[in-house]
Amino acid sequence: MQRVLIGLASLLLLFSAVTGASWAAPKELVLGCNFILSGPAATLGIATQRGAEHAAEVINSTGFKVQGEQYVLKLEYFDSKYLPAEGMSNLEKMLNHGIRYIFTLSSGVSVPLVERTNMAKMLQLTDGSGADHLTSPKYPLSFRVTPNNETAYAVYPWLAKKYPQIKTIANINPTDEAGFTESETRVRCAKNLGMKSIANEMYKRGATDFYPVATKITALKPDMVDFGCTLGRDQALCGKALREVGYKGMFLVNYPDPGAFVEMAGRDAAEGAILSSAITEPQTPKQKELYEFYVKKFGSPVINKFYDSYDPIFMFVEAVKKANSLDPAQIAEALRTVRWDSVYGEMYVGMESLYGIKSCFCRPLPMGIIKNGKPMYLDTVAWPSSEVIAKLVRD
Amino acid sequence: MSAAFGQIILTGVTMGLIYIMVALGLTLVFGVMRVVNFVHGEMVMLAAFSMYYIYGVWHVNFVLALVVSAALVSAVGVFFQRYLYKPLKYDMDSVMICALGASYAIKSASWLAFGPVPRHIPTVFPGMLHFFGAFLSKERAAACVICIALTAGLYLVLHKTKMGKAIRAVEQDSEAAQVLGISIDGVNAMVFVIGCSLAAVAGTFSGILFAVEPEMGSDPLMKCFMIILIGGIGSIPGAIVAGLMLGLIDSFSETLFSGEMAFIIGFALLMFILIVRPKGFFGYDISELTTRRKE
Amino acid sequence: MLKLIQKFGAPAIVCFLFLAPILVTSNFYLHVMIMMCINVIMATSMWLLATTGLLSFGQAGFMFIGAMTSALLVKNLGWPFWVCIPLAGIIPALVALAVGRVCIHIKGAQFFMVTMAFGELVRGIFAYFRNPFGGWYGIINIPPPEPHRYFTPLNKIGFYYLGVTLMVLTCWAVYRVSRSRIGMIFWSLRESETLADSIGVNVRKHKLHAFLFAAFFAGIAGTYYAHYQSYISPLVFTVQMSLSALIFVVVGGMWSFGGPILGAATLTLVPEFFRATGVYQMLIYGVILVFAVLFMPRGIVGVLEEKVFPLLLRTRRAAINAHDQP
């Protein structure tokens, strides 16, 4: 027992060493990044990190001024491992460093944080769903930086108009918070547009064999299969399985990873798949520049998540410049008035009609389609007006 | 409806055989050395990446690529056996933690080295087969055939060759085997080589049927442990029966109910089987396992 | 000097822990200490079970049950936290009684698997029923203990003292049991079950008691977690968490009481050094585990006993000799 106590004493020395560690910070504006950098969802996190990093590089080539002083943007990365407790620990560490702005990925990790960040008066920028658990008048400092399940409000009306032959839809989503939110949104949109969701399948995230789900769906013969928020590898495997068990209808792929989808599902399976909110062939000079940068640095194909995390950083810095202050509350107010020419088109903060407060970044959605194994540009969908959204969300 | 039923069965059998392929190497190592080899999943993953590059990107002949990948992964496996497991004297708890740490490290290193894009090994057998209204892709059929061949091959090696007999001797009683002049180290190394080669084949087919990414090894690992324990430690027929059973149950419950219910049913069943028959279908009494843990 | 430490060591540590917030005001370090308390409770209760030779892989399941019990009672029914916290230990213990009745005769790796299956089963059931268990959404906005004033996310002092108290209570309980006659019986079960059986020890009963004990404290740890983080979901109480408890015990040293405490404390603190490295944190953690097990086969306590204390003894002896020399 006494040995144990000596051990404990040495441990306390260790503890004070940790306490004593100093974290000096020069004239930098630090944005804490709570990404998923390990575990099964690391694809998302690493792609997001690449986008944010590049944005910071571009911004820091000129820097920016706040109250007459020159600043650079510094991103500090933390790995949340897709665990809420780790996300919480990361937040505590950021608070300890005096960081006042957090960029966090995935609703599963971010929704538990929002209560605290707002209490600690931190600006929280989230890339995740979470609906009104994340963005609501209760949390004026919380923003959603790319539309997640909200894309359905833009895509479904476009689908109804462009492909009137679609009458029945099957929805597939993973069984987690994001999946449930997506499925609810999409089923409701379908109903309010005169289409019918005949299957609402949830699969367990991490499953590799999609034959069971595919069999079930194919038996019902829907006109279109909507992949909801299944991501990357799961989309491709599911699409492949669907084609293998004989499904002949259309695919709608959201949060797409076009290159991987074609490679893994196979050319034939991927043919004709509609890619929602995907930059396929760069249309504008901005898109071209970013596309070429990614391919040069990381090789093709480009993971679309890279584009998603790029512009929000610029929006944030614009808001800082506009507010001319480092105070998160003032930056949040300024953010609500920023209009930014993003890689997708004009980006601004909206969705007041849905969430009661301007809190979600809105922008046009480029739609793509896969033809002959190549993702190609199809159309651009403008962000819907509040009237359209109101019609889609009614019960 | 009977077509759907047929599809469910076919899916179940193929799922089961794919699990078995990964489990074969694991059950061998577990049976002979009594260690929980958590890095087996990473062997599967590394072999898949190796096949992706050698066969997929550099277009080397498939069989040659497979042999090279198996050799690479076996080398890693033997390295682990010699420098990590052996110094720990195969103590189950320590080896488990060590293997776990190694698997975290390898996974993280793979994310860094290979990047976030999920990849795919090009298929060797494109095309579909039709059986009584059920669909099966040729590559799945090939995977099943290979798995059956491997299982039969492993069984023959273990029961008909001298080396196989040595392995089984060490598995049953390592001290007695030593008395008979069998080199334990040699046998352990050989077991790892065989186990990792099996992992390489499993990785190749997983990469063809599914995706190649750093996490691909961990998902099937839990299922494999379940199979090994239900089937009986060290028993290959047990692993087959358990694997097929698990595959069919998964297929039925996922298709007829939902993924989540399948999750619950799978684990409830595992508990039930282990409670009713702790040594598994064909295993022998492993109470010696607990007494083996020495100071 | 060693005798001094033996006598006053434990009270000194406890005093230090209670006085620490005066020196350490940073919220982050309080947070780390709180997480450490949770880990120590998990590790020590698991250790007591391990002394019987049983390694349970389902502690996260019991934590989840405890967390869910108190979260639902406090949030939905408005019961006071202090009434719920003992319940959060008792309910998992009752579940453990039911499960243990049928499982406790299983040995070794099989028991490992059965408990793992149980843990995942708990997760699956809570995930399947969105009402009332929250499904995959989990349960958010769990209220903190009363009085709310002292338990806010920004003012962690209340949580800290609660955690330290729970940790000290758990350690004291485990220590007393392990030193008592029952504790000796537990050890005998691990050394040789057949022998213990032959001298009339009721093997099943004692194993079951150890299992209940571990489940009780897992439930307490779970509820503390729930009210501190104010969010629980199936994403949280995974096999990974059960595995962490096991890692703490093995790396700390399975053979003595201090082992799990040291293991939990070290392995909670060390990753914090690397938290800001982002991608590399997992890599470093894995490598640390490998080397820890390779070079400390008997755990941290083993290293202390074999290397550090003899060194101290030698210097003391040298000092005495120097003193005695003319």
Q: Just name the residue that is farthest from the chain's Cα centre (by Cα) out of those in segment A:239-265 that are under 24 Å from residue B:11 (Cα atoms) and more than 11 Å from chain B (Cβ to nearest Cβ).
A: A:248
Q | Selection within segment A:91-113 - in a helix (DSSP H, G or I) and either surrounded by fewer than 22 Cβ atoms within 10 Å (Cβ to Cβ) or within 7 Å of another protein chain (Cβ to nearest Cβ) (or both) | A | A:92, A:93, A:95, A:96, A:97, A:108, A:111, A:112
Q.
Quick test of your reading of the structure: residue A:78 fulfils all but one of (1) modelled with pLDDT under 85; (2) closer than 27 Å to residue C:262 by Cα. Name the failing condition by number.
A. (1)
(Q) Of the conditions (1) more than 19 Å from residue A:58 (Cα to Cα); (2) without any contact (Cβ under 8 Å) to a residue 60 or more places away in the chain; (3) surrounded by 21 or more Cβ atoms within 10 Å (Cβ to Cβ), residue A:279 satisfies every one except a single condition; which number is it? (A) (2)
Q: Take segment C:278-302 and flag every residue that is over 19 Å from residue B:103 (Cα atoms) and over 21 Å from the mean Cα position of the chain (by Cα).
A: none
Q. Which residue pairs have Cβ atoms under 8 Å apart, sit 6 or more places apart or on different chains, and have a first residue in segment C:161-190 that is more than 17 Å from residue C:11 (Cβ to Cβ) and touching a residue at least 40 places away in the same chain (Cβ under 8 Å) and a second that is basic (Lys, Arg) and part of a helix (DSSP H, G or I)?
A. C:189/C:207
Q | Any hit, segment A:198-220, residues being in a helix (DSSP H, G or I), outside the structural domain of residue A:309 (by TED's automatic domain parsing) and more than 30 Å from residue B:10 (Cβ to Cβ) | A | no
**Q.** Number of the exception - residue B:134 against (1) of a type in the set (A, V, I, L, M); (2) more than 22 Å from the chain's Cα centre (by Cα); (3) surrounded by fewer than 20 Cβ atoms within 10 Å (Cβ to Cβ); (4) more than 8 Å from chain C (Cβ to nearest Cβ)
**A.** (3)
Q: Just name the residue that is nearest to residue B:104 (Cα to Cα) out of those in segment A:38-80 that are acidic (Asp, Glu) and within 14 Å of chain C (Cβ to nearest Cβ).
A: A:79
Q: Only one of these is surrounded by 20 or more Cβ atoms within 10 Å (Cβ to Cβ) and either at the interface with another protein chain (Cβ under 9 Å from one of its Cβ atoms) or within 15 Å of residue B:215 (Cα to Cα) (or both): B:113, B:109, B:99. Name it.
A: B:99
Q. Can you tell me which of A:47, A:42, A:85 is surrounded by 24 or more Cβ atoms within 10 Å (Cβ to Cβ), in the same structural domain as residue A:313 (by TED's automatic domain parsing) and free of Cβ contacts under 8 Å to residues at least 12 places away in the same chain?
A. A:42
Q) Between a first residue in segment B:44-61 that is more than 13 Å from residue B:123 (Cα to Cα) and a second residue that is acidic (Asp, Glu) and modelled with pLDDT of 90 or more, which pairs have beta carbons less than 9 Å apart while being 6 or more apart in sequence or on different chains? A) none
(Q) Just to verify a result, which residue in segment C:229-277, among those that are at the interface with chain A (Cβ under 9 Å from one of its Cβ atoms) and hydroxyl-bearing (Ser, Thr, Tyr), is nearest to residue C:32 (Cα to Cα)? (A) C:266
Q: Quickly run through segment B:261-281 and pick out the residues that are under 19 Å from residue C:57 (Cα atoms), assigned to a helix (DSSP H, G or I) and either at the interface with chain C (Cβ under 8 Å from one of its Cβ atoms) or of a type in the set (S, T, N, Q) (or both).
A: B:263, B:264, B:267, B:268, B:270, B:271, B:274, B:275
Q) Restricting the search to segment C:138-157, which residues are part of a loop (DSSP other than H, G, I, E, B), over 22 Å from the mean Cα position of the chain (by Cα) and either under 22 Å from residue A:96 (Cα atoms) or among the charged types (D, E, K, R) (or both)? A) C:146, C:151, C:152, C:153, C:154, C:155
Q) residue A:225 fails exactly one of the following numbered conditions: (1) part of a helix (DSSP H, G or I); (2) at pLDDT 90 or above. What is the number of that condition? A) (1)
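Results for (1) assigned to a helix (DSSP H, G or I); (2) farther than 23 Å from residue A:161 by Cβ; (3) of a type outside the set (Lys, Arg), shown as yes or no for each residue.
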site	(1), (2), (3)
A:317	yes, yes, yes
A:320	yes, yes, yes
A:326	no, yes, yes
A:329	yes, yes, yes
A:340	no, yes, yes
A:370	no, no, yes
A:375	no, no, yes
A:392	yes, no, yes
Q) Residue check, residue C:41 against (1) touching a residue at least 12 places away in the same chain (Cβ under 8 Å); (2) part of a loop (DSSP other than H, G, I, E, B), all met but one. Which one? A) (2)
(Q) Restricting to segment A:306-315, give me the number of residues that are outside any helix (DSSP H, G or I) and farther than 13 Å from residue A:344 by Cβ. (A) 0
Q: Among the residues of segment A:196-212, count how many are surrounded by 24 or more Cβ atoms within 10 Å (Cβ to Cβ) and aliphatic (A, V, I, L, M).
A: 0
Q: Please go through segment C:239-262 and pick out each residue that is of a type outside the set (A, V, I, L, M), assigned to a helix (DSSP H, G or I), modelled with pLDDT under 90 and farther than 22 Å from residue C:120 by Cα.
A: C:252, C:258, C:259
Q: Among residues belonging to segment B:224-252 that are part of a helix (DSSP H, G or I) and surrounded by fewer than 21 Cβ atoms within 10 Å (Cβ to Cβ), point out the one that is farthest from the other protein chains (Cβ to nearest Cβ).
A: B:237
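With in contact with a Pro (Cβ under 8 Å, 6 or more places away or on another chain) and either hydrophobic (A, V, I, L, M, F, W, C) or assigned to a loop (DSSP other than H, G, I, E, B) (or both) as the only criterion, which of C:304, C:294 stands out?
Of the residues listed, the single one that is in contact with a Pro (Cβ under 8 Å, 6 or more places away or on another chain) and either hydrophobic (A, V, I, L, M, F, W, C) or assigned to a loop (DSSP other than H, G, I, E, B) (or both) is C:294.
The values are calculated or read from the model by the stated rules, or taken from the named source; none is laboratory data. All of these numbers come straight from a predicted model, not from anything done at the bench. Methodologically, a virtual Cβ is constructed for each residue, glycine included, from the backbone with ideal geometry; neighbour enumeration extends over all protein chains shown.
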